[in-house]
1. Scanning region 300-322 for residues that are part of a loop (DSSP other than H, G, I, E, B) and open to solvent by 90 Å² or more (accessible area, probe 1.4 Å), which turns out nearest to residue 477 (Cα to Cα)?
2. Would you check which residues across region 259-284 are assigned to a helix (DSSP H, G or I) and either acidic (Asp, Glu) or closer than 20 Å to residue 344 by Cβ (or both) and list them?
3. Looking at residue 503 and the list (1) loosely packed, with under 13 Cβ neighbours inside 10 Å; (2) more than 34 Å from the chain's Cα centre (by Cα), which single condition is not satisfied?
4. Going by the structure shown, is residue 513 touching a residue at least 60 places away in the same chain (Cβ under 8 Å) and over 30 Å from residue 229 (Cβ atoms)?
5. If I filter region 360-389 down to residues being assigned to a loop (DSSP other than H, G, I, E, B) and open to solvent by 20 Å² or more (accessible area, probe 1.4 Å), which single residue comes out as farthest from residue 338 (Cα to Cα)?
6. Kindly state which helices (runs of 4 or more DSSP H) lie completely within region 76-184 and contain at least 2 residues that are free of Cβ contacts under 8 Å to residues at least 12 places away in the same chain and of a type in the set (D, E, K, R).
7. Those residues that are more than 23 Å from residue 276 (Cα to Cα) and β-branched (Val, Ile, Thr), I need them from region 516-544; list them, please.
8. Hey, any hits in region 190-197 for a residue that's open to solvent by 10 Å² or more (accessible area, probe 1.4 Å), under 20 Å from residue 63 (Cβ atoms), modelled with pLDDT under 95 and not basic (Lys, Arg)?
Amino acid sequence: MKENLLQIYASGFRRNWDLKALSEYGTGMTMTYADLARRIAATHMLFKECGVKRGDKIALMGKNSIPWVEIYMATITYGAVIVPVLHDFNVQDAMHIINHSESVMLFVNESIFDSMEFEKLPRVKAVFSLDSRSVLAEHPSSGHTAGKFLARLGEKMRRRYPHGFTTADVDYPEIDESAIAEINYTSGTTGFSKGVMLTLGNLGGNVRFGIESRLHYRGSRNLSFLPLAHAYGCAFDMLVPLAVGTHVTLLGKLPTPKLLLKAFAEVKPNLIICVPLILEKIYRNKIRPVIEKASIRRMMKIPGVNKMIYRKIRMQLIEALGGEFEEVIVGGAPLNGEVERFLHMIGFPFTVGYGMTECGPLISYTPWRKFIVGSSGRTLPIMETRIAGSDVPDKVPGEICVRGENVMKGYYKNPEATEAAIDAEGWLHTGDMGTCSPDGTIFIRGRYKTMILTANGQNIYPEEIEAKLNNMPYVSESLVVERGKHLVALVYPDYEAMDRDHVDSGRLGDIMESVRTDLNRLVAPYERIDKIQLIANEFEKTPKRSIKRYLYNA
């Protein structure tokens with residue numbers, strides 16, 4: 001029998017009692033697994049005092065931090081339901097999520113709460129600061145229970161555990177894995193967010209796979225820089241590491257390339273979980289300018305010398321990322337094809353996985369040594385994949401549908417959306433188009449909702465054109481949209497590269513027309529771009545750095 005998720009943490013905390021569990025990068029703050037278990041127990045006492053019942057919702061909104069992790073872990077091990085809200089959500093949207101989820105408590109960074117209107121959160125009994133552990137607001141009807149109890153919490157803990165909190169005191173309830181553990185509101189690219197109900201079994205499926213795959217292991221090091229409120233970072237930068245005894249260093253600041261490289265060098269993580277943007281920026285800013293030099297291009301034509309150059313680039317890249325990782329797992333969005341092929345050619349240890357919030361998140365993954373370029377990994381053993389609407393699923397694209405242990409219970413208070421997403425046979429319709437080989441390896445072509453159907457019946461996947469366009473000179477990012485019967489590419493220029501090459505911005509029009517001509521040689525006739533339209537600002541993005549396409553499709 002598979003071990004229940006909460007018992008995985010109970011036994012894991014006891015086993016790893018004296019190991020470092022969490023650190024905050026740049027602050028010097030560190031806690032052991034014993035400290036974390038003790039804080040969880042204290043938070044359980046607070047929940048009980050405030051009348052929190054099993055199944056009650058607790059909202060959590062803030063940057064990655066030790067208190068954030070404490071509250072998340074305390075909530076699920078108590079039997080309540082965590083509602084993580086991405087810290088850079090618009091405050092009005094965040095308040096809507098808190099109310100829609102019927103949360104009875106809110107833990108939040110003070111800078112965020114300053115912009116909220118507490119009187120418009122009628123179900124929230126009390127608001128707690130993630131910064132100072134104080135009560136920020138409390139409804140009079142609660143009798144200010146939380147504030148009074150919090151002031152005496154240390155004393156209450158000493159009375160409850162007169163001989164100190166020990167491994168024997170770590171005791172989490174036996175809760176069926178069909179129970180909801182989390183409601184995660186998506187920040188999708190195609191419109192308003194929905195509350196994804198993830199059960200203990202959904203989270204457990206991801207955690208158990210991570211343990212069995214030894215993605216993290218006892219005493220390993222991890223640098224967490226993706227938002228923990230997002231399913232990808234939550235599962236593989238927090239839930240799996242804390243199950244096995246990994247030391248997690250939390251980067252609570254904006255992960256700029258400069259800061260990340262400094263943190264990689266200091267933490268030296270054993271596994272790197274990232275979105276494509278990280279590797280694409282390194283490739284574009286550090287690698288491509290080198291390999292495009294005339295002298296390097298000449299040397300790369302000499303047999304044997306090119307292998308030496310590739311080996312040197314690989315070693316420099318590995319060293320830049322800390323030098324001690326087993327692999328880099330890329331997820332959250334497609335990796336640019338040129339970047340992917342180059343990294344594979346030089347033997348860089350990376351792999352691309354596939355998932356979505358509705359699966360908490362993992363659907364497919366392959367270790368880097370078995371990874372097939374262009375794929376998104378092999379379907380997990382606890383999941384099934386089928387290609388809807390395709391008679392030849394390994395060759396003709398259709399909608400990717402998945403079924404299995406990781407698939408959500410549904411969307412909170414939204415039976416219509418649930419019914420549209422999960423059919424009567426339990427298949428989750430992902431909205432992604434692709435193919436699947438007989439061994440379960442998934443190849444994604446693009447989003448079903450973004451696919452453009454031409455008058456001639458041709459399917460155009462904008463993402464495939466954008467991947468080629470983004471590799472063109474002075475293109476930072478792009479979006480291909482349909483305007484009438486024409487294909488138009490919206491482009492945000494790479495001003496950093498223009499400054500580096502001393503290119504006058506007045507030449508942009510001519511440069512982009514040349515780019516359009518070159519691009520049209522690389523794509524099928526029905527995919528040719530009729531016009532490139534420059535935009536003044538970067539595209540608006542979700543917290544996982546995917547472009548919010550729906551804002552630009554009108």
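1. Here is the first cut: in region 300-322, the residues part of a loop (DSSP other than H, G, I, E, B) are 300-304, 321-322.
Filter once more, keeping what is open to solvent by 90 Å² or more (accessible area, probe 1.4 Å): 301, 303.
Working: 301: 31, 303: 35 Å.
The extreme case among them is 301.
2. 266, 276, 277, 278, 279, 280, 281, 282, 283, 284, listed by residue number.
3. All conditions are met except number (1).
4. Spelling it out, it is not the case that residue 513 is touching a residue at least 60 places away in the same chain (Cβ under 8 Å) and over 30 Å from residue 229 (Cβ atoms).
5. Per the stated criteria, the residue is 382.
6. So the answer is 153-160.
7. If the condition is that a residue be more than 23 Å from residue 276 (Cα to Cα) and β-branched (Val, Ile, Thr), then 517, 529, 532 are the ones that fit.
8. Yes, region 190-197 contains at least one residue that is open to solvent by 10 Å² or more (accessible area, probe 1.4 Å), under 20 Å from residue 63 (Cβ atoms), modelled with pLDDT under 95 and not basic (Lys, Arg).
The values are calculated or read from the model by the stated rules, or taken from the named source; none is laboratory data. These figures come from a predicted structure and were not determined experimentally. Note that each Cβ is placed from the backbone with ideal geometry, even for glycine, and that neighbours are counted across all protein chains shown. What goes into the accessible areas is simple: the full protein's heavy atoms, side chains included, and nothing from ligands, DNA or RNA. Shrake-Rupley method; radii C 1.70, N 1.55, O 1.52, S 1.80 Å.
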